[in-house]
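Okay, so here's the structure we're looking at.
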Amino acid sequence: MSKILLVTGSSGLIGSEVALHFALEHGYVIHGIDNNQRAVFFGPQGDTRWNQRRLEKGLPGYVHHELDIRDRAGVLALLRELRPAAIVHAAAQPSHDRAASIPFDDFDTNAVGTLNMLEGARQACPESPFVHMSTNKVYGDAPNRLPLRELDTRWDFADPALQNGIAEDFSIDQSTHSLFGVSKLAGDLMVQEYGRYFRMPTCCLRGGCLTGPQHSGVELHGFLSYLVKCNLAGLEYRIFGYKGKQVRDNIHSLDVARFMAAFIANPRMGEVYNLGGGRANSCSVLEAFALVERLSGRPQVSRYVDQNRIGDHICYYSDLRKMRSHYPSWDITISLEETLRQIIEAHHQGTPA
């Protein structure tokens, strides 16, 4: 009997990468949940129907479910029907800027939608590993209180103890998160609680900048994808504060899918991992400009806005040591430069990078 993997947000960057990886590399039959809510949140540029069609055309046996994870009865009915061997929950309202204007949609999607998925799993398949895409925004702006040093093109941590980045024991409390950060934190804590309280195999992956050639990047979400789109089209990219030296760590969606596969093969209960590119795959906005300009041969058009985004990080990169210690066969395999090459190539081929 074939193993079923249920993926929410299956037409998005992570969901589609997971669908392909688990089907082609691990023999799963993929069922995807996606109602193209990204287009509602971000307009036509956020539309992911093209990615849905790509999966339906290129992935044998793929089954799409036009379901909103806020539909509690629908979620429960589908989980009882499928009883999947594993669940990857990647559906979300993903922008902290957008959340402020749609607080109910944001919380209902990120917090209540996650609860719907968890309770459905508990009733239908409590033994099946449940992987939740969380975010580093659960830490709020507390990383900004860390001592920083200013370098020519970036900010960096001043404390040598942070040379590997932010670890999972960093405080999630008493900081400004954005409404998005709060809704994702509520879901994150619920995933942990179902793991610990009900002894279910769950984990939260607190993502940094997740990226790759299948990303439908927009200004409010999708750092490298949107930056490349602006560079190649000659559009203005707005830098929001911090002198353009704010630092993010970038991880290719395939390396995300590979870690999920490692966890599902050997799950733990109520775990948390900071999932990003680490120091090696980190860059500032200014450094990203220089790298993209070198790869594309085109100048980056930009405008500086002095006001930073509320709750935004000045410097953040993930400490990957816990992930590597729990799953030593996993590591980052795709460099920042190679990731950008793929995004640029996808754009040239007409894929919404």
Original post:
Does the range 25-32 contain at least one residue that is of a type in the set (Asp, Glu), crowded, with 17+ Cβ neighbours inside 10 Å and either touching a residue at least 60 places away in the same chain (Cβ under 8 Å) or closer than 25 Å to residue 265 by Cβ (or both)?
Top reply: no
Original post:
Got a sec? Which strands (runs of 3 or more DSSP E) wholly within the range 251-353 have at least 1 residues that are in contact with a strand residue (DSSP E or B) (Cβ under 6 Å, 6 or more places away or on another chain) and over 18 Å from residue 131 (Cβ atoms)?
Top reply: 282-284, 302-305
Subject >> the range 125-168, residues that are out of contact with any Ser or Thr (no Cβ under 8 Å at 6 or more places or on another chain), touching a residue at least 24 places away in the same chain (Cβ under 8 Å) and part of a loop (DSSP other than H, G, I, E, B) >> reply: 125, 126, 127, 128, 146, 151, 163, 164, 167, 168
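Quick one: would you say residue 36 is within 17 Å of residue 216 (Cα to Cα), surrounded by 23 or more Cβ atoms within 10 Å (Cβ to Cβ) and over 16 Å from the mean Cα position of the chain (by Cα)?
Answer is no for this residue.
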Original post:
When the residues of the range 60-118 are filtered to those that are of a type in the set (Ser, Thr, Tyr) and in a helix (DSSP H, G or I), which remaining residue is nearest to residue 189 (Cα to Cα)?
Top reply: 114
Original post:
Of the conditions (1) crowded, with 22+ Cβ neighbours inside 10 Å; (2) over 25 Å from residue 278 (Cβ atoms); (3) not hydrophobic (A, V, I, L, M, F, W, C), residue 178 fails just one. Which one is it?
Top reply: (2)
**OP:** Specify the residue that is surrounded by the fewest Cβ atoms within 10 Å (Cβ to Cβ); the eligible residues are those in the range 206-238 that are small (Gly, Ala, Ser) and part of a helix (DSSP H, G or I).
**Re:** 233
Original post:
Out of (1) within 24 Å of residue 163 (Cα to Cα); (2) under 21 Å from the mean Cα position of the chain (by Cα), what's the single condition that is false for residue 325?
Top reply: (2)
Original post:
If you check 85, 99, 90, 111, which single one turns out to be among the small types (Gly, Ala, Ser), farther than 21 Å from residue 182 by Cα and either in contact with a helix residue (DSSP H, G or I) (Cβ under 6 Å, 6 or more places away or on another chain) or surrounded by fewer than 24 Cβ atoms within 10 Å (Cβ to Cβ) (or both)?
Top reply: 85
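Yes/no per residue for (1) touching an Asp or Glu at 6+ places or on another chain (Cβ under 9 Å); (2) assigned to a strand (DSSP E or B); (3) on the phi > 0 side of the Ramachandran plot; (4) not aliphatic (A, V, I, L, M):
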position: 6; (1), (2), (3), (4): no, yes, no, no
position: 11; (1), (2), (3), (4): yes, no, no, yes
position: 17; (1), (2), (3), (4): no, no, no, yes
position: 52; (1), (2), (3), (4): yes, no, no, yes
position: 57; (1), (2), (3), (4): no, no, no, yes
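Read-outs throughout are calculated quantities, based only on the coordinates presented, and are distinct from any laboratory measurement. What you are looking at is a predicted structure, and each value in this text was computed from that prediction instead of being measured. FYI the Cβ positions are ideal-geometry reconstructions off the backbone, even for glycines, and counts take in every protein chain you see.
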